[in-house]
There are 2 protein chains.
Amino acid sequence: MTEIRQPTPRRGTNLPRMGDFNLTVILEAIRRSSGGLSRVELAQIVGLSPQTISNISRRLLDQQLIVEAGKEGSGPGKPRTILRLNPAGMYAVGVHLDPAVITFVVLDLLGDVVKHSRMATPGGDPAGVITSIAEQIQALVEESGVDAAKIAGLGVAVPGPIDLDEGSVVEPPLLTRWNRVRIREALAEATGLETLVDKDVTSAAVAETWAGGASGAGSFVFMYMGTGIGCGIVLNDEVVRGTSGNAGEIGHIVVDPEGPLCDCGLSGCVKSSCIPQVLVAEAEAAGVLDGSRHGADGPEVQERFAELCDKADAGDEQAIAILDKSATLVARAVSVVTNALDVERVVFGGPFWGRMAPYFLDRVPGLLDKNNAARMIHGLEVVGTGVGEDVGAIGAACLVLEHMLAPRAQRLLLEG
Amino acid sequence: MTEIRQPTPRRGTNLPRMGDFNLTVILEAIRRSSGGLSRVELAQIVGLSPQTISNISRRLLDQQLIVEAGKEGSGPGKPRTILRLNPAGMYAVGVHLDPAVITFVVLDLLGDVVKHSRMATPGGDPAGVITSIAEQIQALVEESGVDAAKIAGLGVAVPGPIDLDEGSVVEPPLLTRWNRVRIREALAEATGLETLVDKDVTSAAVAETWAGGASGAGSFVFMYMGTGIGCGIVLNDEVVRGTSGNAGEIGHIVVDPEGPLCDCGLSGCVKSSCIPQVLVAEAEAAGVLDGSRHGADGPEVQERFAELCDKADAGDEQAIAILDKSATLVARAVSVVTNALDVERVVFGGPFWGRMAPYFLDRVPGLLDKNNAARMIHGLEVVGTGVGEDVGAIGAACLVLEHMLAPRAQRLLLEG
DNA sequence: CTGCCGGATCTCAGTCACTGATGCCCCTAG
DNA sequence: CTAGGGGCATCAGTGACTGAGATCCGGCAG
């Protein structure tokens, strides 16, 4: 029920805040190291004195967030004690409420999936669906066998415009019955867990920072390839949510001046020319896919898109052309964002990413580099996420971990 | 000579950092209040105890950054002592190196211009120009009569791609001889002042946060209408510089699918369809302006653009149509940025802004609202900057003030 | 004119996180 | 087996924030 958003008159900080912040800094350093870190190494990395590191390590050990994992001795002297994250130190539950499917995960402190499940999104009354979700969470937690007391909270990733104050979605195109339903409150009550709601693309970006390894550090844009295309933005290791939590809307960037007319009045927006549904329709129009079976609901599109990719993989030139073109168009949209924000990396992911990856990774890097306004100063890395298809739900769970354990500047400031 | 950029492995914080940070927080609160603040009010706003406020106030008074300015007694009890910024407590020098003109300002702590001057940008050797700039700064400071010891530093705003490490511009389209000239080092040595270099659009955004009053708070995009169009980005009171300081490049956002072909290969980019030079050319083509006098250098374009606006002001329908259309196109570009970042405000400014303001303010707000993805959650304020035409140079000076006195999260972290 | 009262600010310890110096512990090398 | 070196803990010490109480200042009633 805690608020994600940031208050504007900037507030001061004090001693306890500082201590908590340093704790998260150290935890983050350990988390981002591949094989654990010794106290001396930590002192060097975070710039605090060895004594402080020792004290904070003790607190972390007491809280069971880290464990001492063996020693590493090279040369003379006492070998270093390696500190590692304790996977079982904390868990979080994530739910991705997508128009087509609801995904559930239980994540451990490392960001690894302990247990996951899915269900088709019921079309019925939201209140009923919320009850089902709560039951499903209950069941999942029990099956996973994790200590319920160690579950820090529940994260919920939802599409489209959200209202952070209400913890609700606002007029989502494909979840019309959910308009302004107070999901956060309802699920907090139904599950008894502290609950956070955020956009799916933002959640995906948070997943990358938490569970994505090296590609989740620094400043990057996460391109979420789902039913729609959106992006999550991370600058200097902190996710950008925007004033109301709605950052990342890029559906109306024009990428194809000769493209189809969009409902916004312009031609060739991302939304009208590169989302999977449009690609499938193009393929049908071109005769690559059988056009007789229609149906624009989520799973249907995913299935047909997979068919399109199968054909392309098998060498069908028209299919390849469609995917190549979409890569070109998406690259243009990405360029707009990367040039505006000057990030160092673009991470692709989302449910449709897996199949399109080879086509995109072949073309996008070159196109981005060509359009990179800071080309002479630094390159632009392009990678696919290591988090996988469930990045929405995993990100939802990571919202909780991020909120509790990430060294956000916000954590230092006194609250209102 | 200090580095603006942020190191990536996040570092811890300690006691002295905390004290300095709180000092800047209090200074910022006083700065943002209209008529000064008492100690009790400060305690409420920043969340620190009255005692801490007292201690920090004393430090600020010792440093002469603030002054006690009268008392405010209403009702019984000891009247509150009002604390106000001391304009003479600190000064900064700003230089805007534009392809057409170099602008100089001396700013006081309030962000008010103490003295300013200009010169046409000499075409010669950069080394010689740097000497002239240093002389000009010297002269300006002497004429202004401010205490040289109170000058905190020199800010330099430059166009186009920059290299923050070098403190140089990289292949700027209109300052070709300045490619990779180490401006920061050269000017620091020539003037003896601590020097910061940043992009002009970023500087303009910083000017807005420092000298722009209420419209410089929170999250906003500063649209800089100059020879080119770029934007400065401020999120939660902190300016976004990007990985290499090159954030804000929006020249290749497609805003007019039927527009002219751009060198990037697409049609109707911002750069090819709404910059003043293009509008002037359009006006010439349409016969609104006399097309015989050509010349694409800076002052020439500004003059011809002023003519175009004169005609529009006088009721020339073709001229009005050209300006209206450009407002529509720019609004589309702004929408792309505001939707991606979910800011609460758009601030327009820059050398060309004054003349176009009425046409833009008439159309842009409506268009932005229509395209606002978060329309149902919050509105989008559109304002013209209060900083004026010299926003580039003023922003350059504000870079120094911001670097020394703004409560940036970065200030808390230990350095490498 | 004087005393009372309320509110703002200051004084004085007290607490707590980080730091520096010192010493113990553990391992490798000779 | 011993010397030596590096890792880590212990013990004061510093300094920023906090809480309680004292002090100061002006208005108001008598």
Run through the other copies and list how far each one's label point is from that of A:Asp290, in nm with one decimal, shortest first; the point sits 7 Å from Cα along Cα-Cβ.
-> 7.3
Given the C-alpha centroids of the range B:253-287 and the range B:115-138, what is the distance between them in whole angstrom?
-> 33 Å
Protein chains only, probe 1.4 Å: how do B:Thr195, A:Thr191 rank by accessible area, largest first?
-> A:Thr191, B:Thr195
Losing no less than 50 Å² of accessible area (probe 1.4 Å) relative to the isolated chain, the residues of the range A:325-366 are A:Val336, A:Ala340, A:Leu341, A:Asp342
What's the longest piece of chain A with no exposed GluC sites (Glu not before Pro), counting a site as exposed if DSSP puts it in a loop and it has at most 16 other beta carbons within 10 Å?
-> A:4-165
Normalised by the residues of the range A:349-409, what does the relative contact order come to in percent, with Cα pairs under 8 Å and at least six apart?
-> 47 percent
Distances from A:Glu415 to the same position in the other copies: list them in nm, one decimal, shortest first, using label points 7 Å from Cα along Cα→Cβ.
-> 3.4
Once normalised by the length of chain A, the mean sequence separation of its alpha carbon contacts under 8 Å that are 6 or more apart gives a contact order in percent of 19 percent
If each of B:Ser49 and A:Arg375 carries a label point 7 Å out from its Cα toward its Cβ, how far apart are those two points in nm?
-> 5.9 nm
A:Ile320, B:Ile133, reordered so the largest accessible area comes first (probe 1.4 Å) = A:Ile320, B:Ile133
Rounded to the nearest 5, the percent of DSSP beta bridges in chain A running antiparallel is 60 percent
15 Å beta-carbon shell around A:Gly268, net charge (K/R +1, D/E -1) = -2
How much mean residue ellipticity at 222 nm does chain A get from its helices, if each DSSP H run of length 4 or more adds -39500 (n - 2.57) and you divide by all residues, to the nearest 500 deg cm²/dmol?
-> -13000 deg cm²/dmol
Solvent-accessible area, 1.4 Å probe, carbon plus sulfur percent, for the protein assembly as shown = 50 percent
homo-copy label distances at B:Gly192 (7 angstrom along Cα-Cβ), nm, one dp, ascending, are 7.2
Candidate residues B:Val364, B:Val181: accessible-area rank, largest first, probe 1.4 Å = B:Val181, B:Val364
When ligands, DNA and RNA are left out and all protein chains stay put, how many square angstrom of accessible area per residue does chain B have with a 1.4 Å probe?
-> 38 Å²
List, in the order given, every pair from A:Lys311/B:Lys271; A:Lys370/B:Lys271; A:Lys370/B:Lys199; A:Lys325/A:Lys370; B:Lys115/B:Lys325 whose Cα-Cα distance in the structure shown is over 28 Å.
-> A:Lys311/B:Lys271; B:Lys115/B:Lys325
Just read off the accessible area of A:Lys311 with the full protein assembly in place, 1.4 Å probe, to the nearest 10 Å².
-> 80 Å²
Where the centre of each part is set by its Cα atoms, how far does the range A:203-219 sit from the range A:359-416, in angstrom?
-> 5 Å
At the nearest 100 Å², what buried accessible area, both sides summed, do you get for A and B when the probe is 1.4 Å?
-> 5200 Å²
So B:Ala127 and B:Val40, fully extended at 0.36 nm per residue minus their Cα-Cα distance, gain in nm 26.1 nm
Name the residue, out of B:Asp198, B:Asp263, B:Asp342, whose mean-square fluctuation peaks in a Gaussian network model built on chain B with Cα pairs under 10 Å.
-> B:Asp263
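The values are calculated or read from the model by the stated rules, or taken from the named source; none is laboratory data. Quantities reported herein were computed from a predicted structural model and do not represent experimental measurements. For neighbour counting, all protein chains shown are included, and Cβ atoms are generated from backbone atoms with ideal geometry for every residue, glycine included. Surface accessibility is based on the protein's heavy atoms, side chains included, excluding ligands, DNA and RNA. Shrake-Rupley method; radii C 1.70, N 1.55, O 1.52, S 1.80 Å.
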